[in-house]
Amino acid sequence: MSDRVYLSIGSNIGDRLENLNQAVAYLRQRADVQIVRVSSVYETQPWGNLNQANFYNIAVSLTTSLTPTALLDVLHRAEQLGHRQRLEHWGPRTIDLDIVYWGTQRIETPTLTVPHPRAQARNFVLLPVQEIAGDDDGVLKLVEAALKTKQDTSWIRKVEGVLIDNDK
């Protein structure tokens with residue numbers, strides 16, 4: 001079995017839920033990506049620049065035949081389709097897709113670092129990944145260790161009754 005890959009996906013511009021649904025639907029339509037689980041939707045305080053709308057965030061676990069760099073290209077394409085504009089560091093965005101974990105591998109390329117370098121300190125990444133990593137001991141141990149040491153005091157709440165459409 002190949003390593004399970006974990007993504008963090010967030011949106012705080014426009015219809016946040018629809019933006020998340022469109023990103024997941026794009027991934028589902030690809031033959032080289034198999035979604036294993038999608039977390040609940042969490043509403044979260046913005047990170048860095050607090051002068052913006054709250055985010056909706058999810059985690060997605062998947063397997064893929066793609067290389068890490070090729071998957072990153074797919075995620076960037078999903079951002080383009082979602083009209084993502086990179087105007088401001090930690091600024092508002094229609095959609096943001098990040099590779100957080102690739103199993104327990106460490107990946108360092110000029111364009112990609114896995115585990116994501118700031119994931120260990122962010123509630124909006126760790127809690128949704130923890131929710132869906134229950135049967136993945138290696139990643140679950142990484143997440144739980146990070147949760148014990150993180151210092152993120154930003155708020156996060158599960159959005160009750162809101163689910164990502166798994167049939168799109």
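So the values come out like this:
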| read-out | value |
| --- | --- |
| Virtual spin-label span in nm between ARG118 and THR69, 7 Å along Cα→Cβ | 2.5 |
| Helix runs (DSSP H) in the chain reaching 15 Å along axis by Cα, Kyte-Doolittle at least 0.5 | 137-149 |
| Cα pair distances in the chain, grouped into 5 Å bins until the bin that holds the longest one, percent each | 1, 9, 19, 23, 23, 17, 7, 1, 0 |
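None of the figures in this text is laboratory data; all of them are computed from the coordinates on show. Being a predicted model, the structure only gives us computed values, none of them experimental. Methodologically, a virtual Cβ is constructed for each residue, glycine included, from the backbone with ideal geometry; neighbour enumeration extends over all protein chains shown.
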